[in-house]
Amino acid sequence: MRTTRILGGLLLLAVVGAGGFAALAWRSELDPIKPPERSAFPPERIAQGAKLASLGYCAQCHTAAGGKPFAGGYPLKTPFGTIYGTNITPDPETGIGTWSEEAFARSMGEGVDREGHHLYPGFPYDHFTRISADDNRALYAYLMTREPVRAEAPANELPWPLQFRPLLAGWKLLFLDQGAFKDDPARSAEWNRGAYLAEGVAHCGACHTPRNLLGARETDRKFAGGESEGWHAPALNEASTAPVPWDQDSLYAYLRKGVSEDHALAAGPMAPVIRNLSSVPDEDIRAMATYIADGMGERRPAPPAGAVPAGNGAATVYAGACATCHEPGGPLQFAAPVDLAKATSIAQPDPRNVIQAIMGGVMTPDAAAAPLMPGFAHILTDKQFAELTAYLRTRFSGQPAWTDIEGHVARIRSETGSAGGSSTRIAKGE
Ligand code: HEC
Ligand code: HEC
Ligand code: HEC
């Protein structure tokens, strides 16, 4: 079923690509330059670029595990195949050392490399196109003053015909809404700043907005909940099912410290987002919180939790393995977990984040100390995981029962290995 849908999507892409090909497949090469000296860039501009690179977590997708920063090789897994983040250090042969400022700005705004090839939208230029000319100049200054590293990114692993880059011209024709962010004069300066950052360089919608079969964001369902690397990225609009509605202050706490006591702790792919935001000034975090809170709109109250039938086997597992930490008055007071009745993960339309947390555990930011919560991958069977997950849903949330919990458990176990993916980390608290 899924395969046929994707194949259908590919066919459509091929047809549109053929049309788009004529219109804009061909992009000119921009002349190579000699890599500029560091002294060519004022220090304030480099510092501004450093802040923007944190907001855009450029290092996340452009650094391989254990590799040099920005030297590429990070495997970005998409439903279509694996695309590797490229080397964006100023190395003239394998990086962007010969790229002019114009070539860099064109790649951010239009998704085209210096030589004129179309780039895959795994590089979130559908968001970066909103970045201002000034901020692109700062990002360029920052990247061109990093240590040049000679490193070739591995070839992308994509099925035929997707390796054929001119097809992307068709994709862009359909889905790329090009152009820098424009202020909404009816809104406050803070709202506009937040919108500029969240929609642009910080690309929150890359994970939190659902995508269609061709991998494009469904712009009419902005922030309605999407996904990232086997996790559900919850809705950040009126569709949010968080038991306690989010507001500006709780969003600020979550984005700043990685935890909001009335909601959740940032785990999975949200943890590196928070870590990267740690060097971003308070007022920018506050501005994003203002913008996102505004979009949350009016919420219906959460339904009351249901009753668990007596004799439920999962209740015994919960009492033995979880209650010491998760029930009030438990002996373990070293870290206060979020009250599970308020935990957003249990109220979400999708059980993946709960399973991920229980399987992989929850780690401290540097993973040096003992985990805040141990992973149960080796302790519970798949059946126990499924029953426990269903139990948590019924006991702590009034939302409808989850379907296919067993399928999710099996997939997460195979994707993260039997060790249960202990990469689940939390961001630095304060
Ligand atoms: C979600 C992952 C992701 C993030 C975040 C990301 N990139 Fe990339 N980027 C990619 C991928 C993947 C490619 C390669 C695309 C391709 O091969 O078509 C790429 C390509 C590029 C290129 C083109 C390089 C070349 O050699 O063709 C530039 C420039 C670039 N990124 C800059 C940035 C900057 C600056 C940021 C931060 C503001 C950033 N990227 C953040 C994934 C990402
Ligand atoms: C790489 C993908 C990704 C990006 C980019 C991303 N998020 Fe998330 N976000 C997630 C995932 C996955 C979760 C669920 C984490 C969990 O369950 O602990 C999440 C959780 C959240 C939550 C908690 C919601 C709830 O109800 O539990 C908020 C708020 C949030 N993100 C805001 C943002 C904002 C604002 C941005 C942009 C600055 C952003 N996210 C960028 C993946 C992402
Ligand atoms: C050693 C103490 C400890 C034990 C034992 C423990 N937890 Fe946790 N748990 C935590 C802490 C601390 C967190 C992180 C804060 C938070 O998210 O609530 C957490 C997080 C969670 C979350 C994520 C909540 C969210 O959305 O942020 C879930 C779900 C969860 N635990 C369920 C369980 C289950 C089920 C068990 C038993 C199989 C269990 N925990 C055992 C301490 C513990």
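The values are calculated or read from the model by the stated rules, or taken from the named source; none is laboratory data. Note that the structure is a prediction, hence the values are computed from the model and not measured. Because the Cβ atoms are built from the backbone with ideal geometry, glycine has one as well, and the counts that use them run over all protein chains shown.
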Entirely in the stretch 241-297, the helices (runs of 4 or more DSSP H) that have 1 or more residues that are out of contact with any Pro (no Cβ under 8 Å at 6 or more places or on another chain), modelled with pLDDT under 95 and closer than 18 Å to residue 373 by Cβ = 248-257, 270-277
ask   = So how many residues does the stretch 237-250 have that are within 21 Å of residue 210 (Cα to Cα), within 15 Å of ligand 3 (Cβ to nearest atom) and aliphatic (A, V, I, L, M)?
value = 1
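Conditions tested, residue by residue: (1) without any contact (Cβ under 8 Å) to a residue 60 or more places away in the chain; (2) over 24 Å from residue 398 (Cβ atoms); (3) surrounded by fewer than 22 Cβ atoms within 10 Å (Cβ to Cβ); (4) in the same structural domain as residue 223 (by TED's automatic domain parsing).
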| site | (1), (2), (3), (4) |
| --- | --- |
| 243 | no, no, no, yes |
| 252 | yes, yes, yes, yes |
| 258 | no, yes, no, yes |
| 272 | no, yes, yes, yes |
| 286 | no, yes, yes, yes |
request  = Evaluate the stretch 178-191: report whether one residue or more is surrounded by 15 or more Cβ atoms within 10 Å (Cβ to Cβ), touching a helix residue (DSSP H, G or I) at 6+ places or on another chain (Cβ under 7 Å) and part of a helix (DSSP H, G or I).
outcome  = yes
message = Looking at residue 107 and the list (1) of a type outside the set (Phe, Trp, Tyr); (2) without any contact (Cβ under 8 Å) to a residue 60 or more places away in the chain; (3) out of contact with any Asp or Glu (no Cβ under 7 Å at 6 or more places or on another chain); (4) over 19 Å from residue 64 (Cα atoms), which single condition is not satisfied?
response = (3)
key: Test for residue 180: is it more than 16 Å from ligand 2 (Cβ to nearest atom) and outside the structural domain of residue 49 (by TED's automatic domain parsing)   = yes
note = Residue hits (the stretch 23-64; among the acidic types (Asp, Glu) and under 26 Å from residue 172 (Cα atoms)) are 29, 31
task = Just give me the residues in the stretch 131-154 being among the aliphatic types (A, V, I, L, M) and modelled with pLDDT of 95 or more, in sequence order.
result = 131, 133, 138, 139, 141, 143, 144, 149, 151
query = With (1) surrounded by 11 or more Cβ atoms within 10 Å (Cβ to Cβ); (2) modelled with pLDDT under 85; (3) not hydrophobic (A, V, I, L, M, F, W, C) as the list, and residue 5 as the residue in question, which single condition is left unmet?
reply = (1)
key: Filtered residues of the stretch 71-107 (kept if under 19 Å from residue 269 (Cβ atoms) and among the small types (Gly, Ala, Ser))   = 73, 81, 85
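Please specify each residue of the stretch 386-406 satisfying the condition of being assigned to a helix (DSSP H, G or I), at pLDDT below 95 and in contact with a Lys or Arg (Cβ under 9 Å, 6 or more places away or on another chain).
Step one: list which residues in the stretch 386-406 are assigned to a helix (DSSP H, G or I), which gives 386-396, 405-406.
Narrowing further to those that are at pLDDT below 95: 394-396.
396 - this is the single residue of the stretch 386-406 that is assigned to a helix (DSSP H, G or I), at pLDDT below 95 and in contact with a Lys or Arg (Cβ under 9 Å, 6 or more places away or on another chain).
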key: Residues of the stretch 236-273 satisfying the condition of being aliphatic (A, V, I, L, M), within 9 Å of ligand 2 (Cβ to nearest atom) and touching a strand residue (DSSP E or B) at 6+ places or on another chain (Cβ under 9 Å)   = 242, 251, 265, 266, 267, 270, 271
remark   = Scanning the stretch 277-309 for residues that are within 18 Å of the chain's Cα centre (by Cα) and among the β-branched types (Val, Ile, Thr) gives 280, 285, 292
request  = Just one of (1) more than 20 Å from residue 230 (Cα to Cα); (2) in contact (Cβ under 8 Å) with a residue 60 or more places away in the chain; (3) away from ligand 2 (no atom under 16 Å from the Cβ) trips up residue 390, so point out which.
outcome  = (1)
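To keep it simple, each residue is scored yes or no on (1) in the same structural domain as residue 228 (by TED's automatic domain parsing); (2) at pLDDT below 95; (3) in contact with a helix residue (DSSP H, G or I) (Cβ under 9 Å, 6 or more places away or on another chain).
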| position | (1), (2), (3) |
| --- | --- |
| 23 | no, yes, yes |
| 36 | no, yes, yes |
| 47 | no, no, yes |
| 55 | no, no, yes |
| 60 | no, yes, yes |
| 65 | no, yes, no |
| 73 | no, no, yes |
query = Out of all the residues in the stretch 76-119, which are of a type in the set (Asp, Glu), surrounded by 19 or more Cβ atoms within 10 Å (Cβ to Cβ) and farther than 23 Å from residue 200 by Cα?
reply = 91
query = So which of 198, 216, 206 is within 16 Å of ligand 1 (Cβ to nearest atom), assigned by TED's automatic domain parsing to the domain that holds residue 273 and touching a Cys at 6+ places or on another chain (Cβ under 7 Å)?
reply = 198
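Which members of the stretch 144-163 meet the condition of being touching a residue at least 12 places away in the same chain (Cβ under 8 Å), part of a loop (DSSP other than H, G, I, E, B) and among the hydrophobic types (A, V, I, L, M, F, W, C)?
Listed by number, the residues that qualify are 149, 151, 153, 155, 158, 162.
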inquiry  = Please verify whether residue 133 is exposed (fewer than 15 other Cβ atoms within 10 Å of the Cβ) and of a type in the set (A, V, I, L, M, F, W, C), treating the condition exactly as stated.
reply    = yes
